[in-house]
Amino acid sequence: MSYTLTPNLPFQLQGTGNTTGATTGTGGILYLAGNCERLTVVCQGNGTVTTGTIVIEEAYYNGPPLGGEPAPSGTWSAIQSITGSTLTTGAQTVVHSVGSYWAVRARISAQITGGGSVSVWAWGN
């Protein structure tokens, strides 16, 4: 069986690059539409991170390929939480999850503090 990266490159869910991350909020949405069997999410700290939590979440909705319905504004289903302090000074946490996912996002549920920030990328295969 061959695996294909979905999308063609990792999709950035939080931050705007390797060193300019986020400290609060809900990031972008990786819309997989059930076209994968595995999900990989990479969380990386930028600078000193002392507290905070990133929650990898999933939801179903009729997004762009099915008519453009807006993403659900309520609580999404949690896949896994990452403690921000484990990402200090450039450390990474890589999450591998088996399953078929429709839409995935990374929400910073507790503010990232300490002067640093976090960046998050994801892909399916």
Protection-proxy order for peptides 10-16, 33-39, each taking the mean of Cβ atoms within 10 Å per residue, highest first: 10-16, 33-39
Rg/Rh for region 45-98, where both radii come from Cα atoms and Rh is the Kirkwood radius: 1.12
For peptides 76-83, 116-123, sequence by mean Cβ density within 10 Å, most packed first: 116-123, 76-83
Intensity falloff of the chain expressed as log10 I(q)/I(0), Debye formula with alpha-carbon point scatterers, at q = 0.14, 0.16, 0.22 Å⁻¹: -0.56, -0.72, -1.22
Accessible surface, 1.4 Å probe, highest first, among residues 31, 101, 60: 60, 31, 101
Accessible carbon and sulfur surface of the chain relative to its total accessible area, %, 1.4 Å: 51 percent
Rel. contact order, % - alpha carbon contacts under 8 angstrom, at least six apart, the chain: 48 percent
1.4 Å probe accessible area per residue over region 7-63, in Å²: 42 Å²
Fluctuation leader among 46, 62, 18 - the chain, Gaussian network, Cα springs under 10 angstrom: 62
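The values are calculated or read from the model by the stated rules, or taken from the named source; none is laboratory data. Since the structure is predicted, the reported quantities are computational estimates derived from the model, not experimental observations. When we count neighbours, we look across all protein chains shown, and the Cβ atoms used for this are built from the backbone with ideal geometry, even at glycine. Ligands, DNA and RNA are stripped out before the accessible areas are found, and what is left, the full protein with its side chains, is counted by its heavy atoms. Shrake-Rupley method; radii C 1.70, N 1.55, O 1.52, S 1.80 Å.
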